[in-house]
Every structure is written in C-alpha cells, then in structure tokens.
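The values are calculated or read from the model by the stated rules, or taken from the named source; none is laboratory data. Nothing here was measured: the structure is a model prediction, and the numbers come from that model. Please note: Cβ atoms are built from the backbone with ideal geometry, for glycine as well, and neighbour counts cover all protein chains shown. Keep in mind that these areas ignore ligands, DNA and RNA; they rest on the heavy atoms of the full protein, side chains included. Shrake-Rupley method; radii C 1.70, N 1.55, O 1.52, S 1.80 Å.
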Amino acid sequence: MSALPAFLTEEYPFAQNDINLHSAARMNFVDEGEGPPVVMLHGNPTWSFFYRNLIKKLTPSRRCIVPDHIGCGLSEKPETYTYRLKQHIDNVVELLDSLELESFDLVLHDWGGAIGMGVARRMPERVRCIVAMNTAAFRAQWIPLRINACKIPWFGHWFIRKFNGFAGAATKMAVKKPLSAEIAEGFVYPYGNWDDRIATWAFVKDIPMTPFHTTWDDLVAVERDLGLFKDNPVLLLWGMKDFCFSPKFLKRWIEFFPRAKVQVYPDAGHYVLEDAGSDALNQIAEFLDNHAWN
C-alpha cells in the first residue's frame, strides 16, 4: 500500500489495516482506540475518511472499526467483482468475525444503512446501539432525478467513470457549507481515475427500483428484519436539506423505530457530519455514553 500524501495524513492520521476476503479482494479498514467497539459503515461515494472526526472523538474511550467497502477508499478496486448489496454485507460480516467481536455499536450513513442493517440481521445478538444518518435500509421510490439519470447504463457509466461525476459532484452537492479544498480533495482522493471509480458506478447501478432488480430481494430481507431491533437504542441524526435522503426517509425510519431519539439539522445536507460538525459528533458520543456498556 502506497503512503498517503501529507495533506491527507494530517486530516486522516490513522494506521491502515487490511484483510484478504474470501471473495478474493483486499479490504482496508481503520481499527483505532480501545474499549467497546463501534463499527462505522460509509456509503457511496465516500470512504472511511467521512468518519475521520468521529473516530477522533470516540477513540479515547472506544474502539473504532471503519472499513472501506471493496472498490472504495483504500480497499482493492477490482474491475471484475460482484459489487452487490449482498456481497458488501458478506464482506463486513467476514471482517467482524475475523476480529472476533462479541458485540458492537453501529454507525451508518448512505449505503452503509442497508449494508449495516444487513449485517445486523445476520448477527442480531451482537448489535447494541444503532446510529443512522441520512440513509435507508428499506425500499423507496424517492430517488432524485440527478441520481436516476446516473443509473442510465451508457450515460451513468461514462459520466461517473470518465469525469468522476459522482464523487466529484458530491463535494459540492452533498454539503450546504462549502468544504475546504483540502477536505474536498480528501473525499475524492481514492477516485482519481477510470479504474478507481468502478464502485461509485456499481453502487448507483445496484439501487433496486423494481422487483426485477438483482438486489431487490436482498433489500426486502433487510427491511423485513428491521423489527428485530425495535428494542435497541437508536439515534436518527439527519441533515434536512439532503437532496437524496430527504426528510421522507427520516419519517420512514421513525415508522420502524418510533422510540428512536431524533436529532435534525435544518440547514445540513447529505454529508451531515461535515455540515453539522462538532454538534453532530457530540450528539453521537453522548448517545453512546448514555447507553454505556455494562
């Protein structure tokens, strides 16, 4: 693994670990701190960099485990791979089993919601607290036109892989407070060329909108088993100006988890940890502390 550039290590100063998965791909992950484990799962088109400030916030008292999904971040990016929801779930399950985690908290964002709750249903007895931020783990038809356009095979593939039209655009469209040049560069660092953008296209392609989609049944299974966690402590932390995961998604989460704690940020976008900053970090830390492990 090549050394990260200086600008990135200053903002993201974590040792990198990896595991060679049964799917014949190398997964990179952060494993920092000591104490009760917190597993953080990113979405598309981010990577573990999205959680950098939360890792720093929690590591004095918690063990933070933050993988890069295959095709993302510093993980391997094979051109030929099963970039599907089920495979991403399998990969995280394999990682957690290899680390021999008996129990853990979950922090989820974007595609991390479906992946994370897919992991949870495979090992419900291990899951404690759940923090969900601008994400979904259920079927929905509320997909914005700009993302739906990226699902068009010839156009989306070309636009995303040739021009970095997903990760690059997100550094502006996913926030309401402009990112600094260095932070924006950190978000797109792993996606520097056509080969590196395979998963940012594959994730979009894998959004199941009809029962005929390969991933539809897997998402239905995740949605069906959300009820397994109705008694778990849940925090729903939401940027209300998200162009993709709108307040409709938050309302749906509340239908599944009516006793959840809800924290909304009226002026925050999809990258809620960027827009809401220290307040969001404090909310998550306080929530986890209030449900401290025995």
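Regarding the stretch 32-54, can at least one residue be identified that is crowded, with 23+ Cβ neighbours inside 10 Å and over 20 Å from residue 274 (Cβ atoms)? Within the stretch 32-54, one or more residues are crowded, with 23+ Cβ neighbours inside 10 Å and over 20 Å from residue 274 (Cβ atoms).
Only residues that are open to solvent by 10 Å² or more (accessible area, probe 1.4 Å), outside any loop (DSSP other than H, G, I, E, B) and of a type outside the set (D, E, K, R) were counted across the stretch 171-189, and they come to 6.
Going by what's in this entry, would residue 143 be described as within 24 Å of residue 211 (Cβ to Cβ) and in a loop (DSSP other than H, G, I, E, B)? Criteria met by residue 143.
Of the helices (runs of 4 or more DSSP H) entirely within the stretch 190-294, those holding at least 1 residues that are hydroxyl-bearing (Ser, Thr, Tyr), crowded, with 19+ Cβ neighbours inside 10 Å and in contact with a Phe, Trp or Tyr (Cβ under 9 Å, 6 or more places away or on another chain) occupy 198-205. Checked against (1) open to solvent by 30 Å² or more (accessible area, probe 1.4 Å); (2) more than 24 Å from residue 16 (Cβ to Cβ), residue 87 passes all but condition (2). Restricting the search to strands (runs of 3 or more DSSP E) fully inside the stretch 1-99 and requiring at least 3 residues that are closer than 24 Å to residue 131 by Cα and touching a Gly at 6+ places or on another chain (Cβ under 9 Å) gives 37-41, 63-67.
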